[in-house]
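Step one of this worksheet: look at the structure below.
The values are calculated or read from the model by the stated rules, or taken from the named source; none is laboratory data. What you are looking at is a predicted structure, and each value in this text was computed from that prediction instead of being measured. Every residue, glycine as well, gets a Cβ built from its backbone with ideal geometry; the counts of neighbours run over all protein chains shown. Accessible surface areas use protein heavy atoms only, side chains included; no ligands, DNA or RNA. Shrake-Rupley method; radii C 1.70, N 1.55, O 1.52, S 1.80 Å.
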Amino acid sequence: MNKNKTKNLILKKAAEVFAAKGIDKTTIEDITKKIGKAKSSIYYYFNDKEELFKEVLENEIENFKNEVIKKLNTTVDPITKLRIYFELRMKKTKELVNLFMIKTNEMTPQVAFVNEIRKKYNEEEINIIKGILEEGDRRNIFYFPNIENATLVIATALKISELPFIIPDYISNYDEMMDSLIDMVLYGIVKR
């Protein structure tokens, strides 16, 4: 197996373990069991668990961004693009909740980089949403008095949609709630 394939396998399997257990409860041994290799194979590519975790996060975000771009390019309709983005983000949030739900006050100095990665992810998310809204505005499909504010409202609503993962039993019908959120963003709540 070449170096890139081995490293990619480690990142993929480490992401699964981190997503299932979180960073605090994951050990290098857990990851080596998952990939069926010795610890040395992980330490060949990564100095420690925190470095591996950082690269897993960056890799997952990059993969998600590439998936979003690919899917958004399948349509020219801004309404469909916004729905696609919401659905992909909802799916990815469910998959990776333990990777991204580290509380700032619980972070050790070794994983303080998570805030920087979140910041970068938030900026990319805002750019994606804003791009879709601007496209819809140019094509006279959407109307927003202020696209900047609309972008932040949608991004905030998506952050709030993560609450069921942070507070257990907050919302039992998450998928229905997300469908309603998408519909409200796209069509409003005022009768026409």
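So for the stretch 25-42 (the condition being closer than 16 Å to residue 114 by Cβ and in contact with a helix residue (DSSP H, G or I) (Cβ under 6 Å, 6 or more places away or on another chain)), does at least one residue qualify? Within the stretch 25-42, one or more residues are closer than 16 Å to residue 114 by Cβ and in contact with a helix residue (DSSP H, G or I) (Cβ under 6 Å, 6 or more places away or on another chain).
When every residue of the stretch 46-60 is checked against the conditions, at least one turns out to be open to solvent by less than 50 Å² (accessible area, probe 1.4 Å), over 30 Å from residue 188 (Cα atoms) and among the aromatic types (Phe, Trp, Tyr).
Annotation note: Cβ proximity below 7 Å between a residue of the stretch 8-32 that is of a type in the set (Asp, Glu) and a residue that is open to solvent by less than 20 Å² (accessible area, probe 1.4 Å) (sequence gap 6+ or interchain) occurs for 30/17. Of the residues making up the stretch 133-142, those that are part of a loop (DSSP other than H, G, I, E, B) and within 27 Å of residue 175 (Cα to Cα) are 141, 142.
Yes/no per residue for (1) at pLDDT 85 or above; (2) among the acidic types (Asp, Glu); (3) out of contact with any Gly (no Cβ under 8 Å at 6 or more places or on another chain); (4) part of a loop (DSSP other than H, G, I, E, B):
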position: 121; (1), (2), (3), (4): yes, no, yes, no
position: 131; (1), (2), (3), (4): yes, no, yes, no
position: 144; (1), (2), (3), (4): no, no, yes, yes
position: 170; (1), (2), (3), (4): no, no, yes, yes
position: 186; (1), (2), (3), (4): no, no, yes, no
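Here the condition is being under 15 Å from the mean Cα position of the chain (by Cα), modelled with pLDDT of 90 or more and open to solvent by 30 Å² or more (accessible area, probe 1.4 Å); of 98, 73, 66, 115, it holds for 66 alone.
Before we move on, is residue 154 of a type in the set (Val, Ile, Thr), closer than 19 Å to residue 72 by Cα, at pLDDT 85 or above and in a loop (DSSP other than H, G, I, E, B)? No.
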